[in-house]
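Comments concern the structure below.
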Amino acid sequence: MDDVLFYDTLRQALWISVIVSIPILTVALITGLTVGLFQALTSVQEMTLTFVPKLGAIVIVFWMTMGFMSETLVSFFQNQLVPLIAGI
């Protein structure tokens, strides 16, 4: 395998990982900002108040986008990595 093919495959793998992680990271950011704003406005400084809603939102979004994530990863493996490993 030459360097160009290796680095192109690595670039595509990193891009796939960014695409797959965007929904969860976006929801975690929005939930964290919302809870932080709520805490700042009400002066409630409870540690579980930041953790529980963020965890719940992440679990819900992960459950909703699980099909997209699986389909994206499987298609990357079938179209890119398996042919490289098999030498096709």
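The values are calculated or read from the model by the stated rules, or taken from the named source; none is laboratory data. Just so we're clear, the structure is a prediction, and the values are computed from it rather than from any experiment. Please note: Cβ atoms are built from the backbone with ideal geometry, for glycine as well, and neighbour counts cover all protein chains shown. Each accessible area value is taken on the protein alone, full model and side chains, heavy atoms only, with ligands, DNA and RNA left out. Shrake-Rupley method; radii C 1.70, N 1.55, O 1.52, S 1.80 Å.
Each row is one residue, and each column tells you yes or no for (1) closer than 26 Å to THR9 by Cα; (2) free of Cβ contacts under 8 Å to residues at least 40 places away in the same chain.
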site	(1), (2)
PRO23	yes, no
VAL27	no, yes
VAL44	no, yes
THR48	no, yes
LYS54	no, yes
GLU71	yes, yes
GLN78	yes, yes
ALA86	yes, yes
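Each row is one residue, and each column tells you yes or no for (1) over 16 Å from the mean Cα position of the chain (by Cα); (2) charged (D, E, K, R).
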site: ILE30; (1), (2): no, no
site: LEU37; (1), (2): yes, no
site: SER43; (1), (2): yes, no
site: GLU46; (1), (2): yes, yes
site: PHE51; (1), (2): yes, no
site: LEU55; (1), (2): no, no
site: ILE58; (1), (2): no, no
site: PHE62; (1), (2): no, no
site: GLY67; (1), (2): no, no
Can you tell which of LEU84, LEU55 is in a helix (DSSP H, G or I), out of contact with any strand residue (DSSP E or B) (no Cβ under 8 Å at 6 or more places or on another chain) and open to solvent by 70 Å² or more (accessible area, probe 1.4 Å)?
-> LEU55
May I ask you to verify whether ILE60 is open to solvent by 80 Å² or more (accessible area, probe 1.4 Å) and at pLDDT 95 or above?
-> yes
Does ILE16 qualify as being open to solvent by 70 Å² or more (accessible area, probe 1.4 Å) and β-branched (Val, Ile, Thr)?
-> no
Picked from the stretch 21-45 (must be open to solvent by less than 60 Å² (accessible area, probe 1.4 Å) and among the small types (Gly, Ala, Ser)), the residue nearest to GLY56 (Cα to Cα) is ALA28
Mind checking whether some residue in the stretch 11-34 is in contact with a helix residue (DSSP H, G or I) (Cβ under 6 Å, 6 or more places away or on another chain) and over 27 Å from SER70 (Cβ atoms)?
-> no
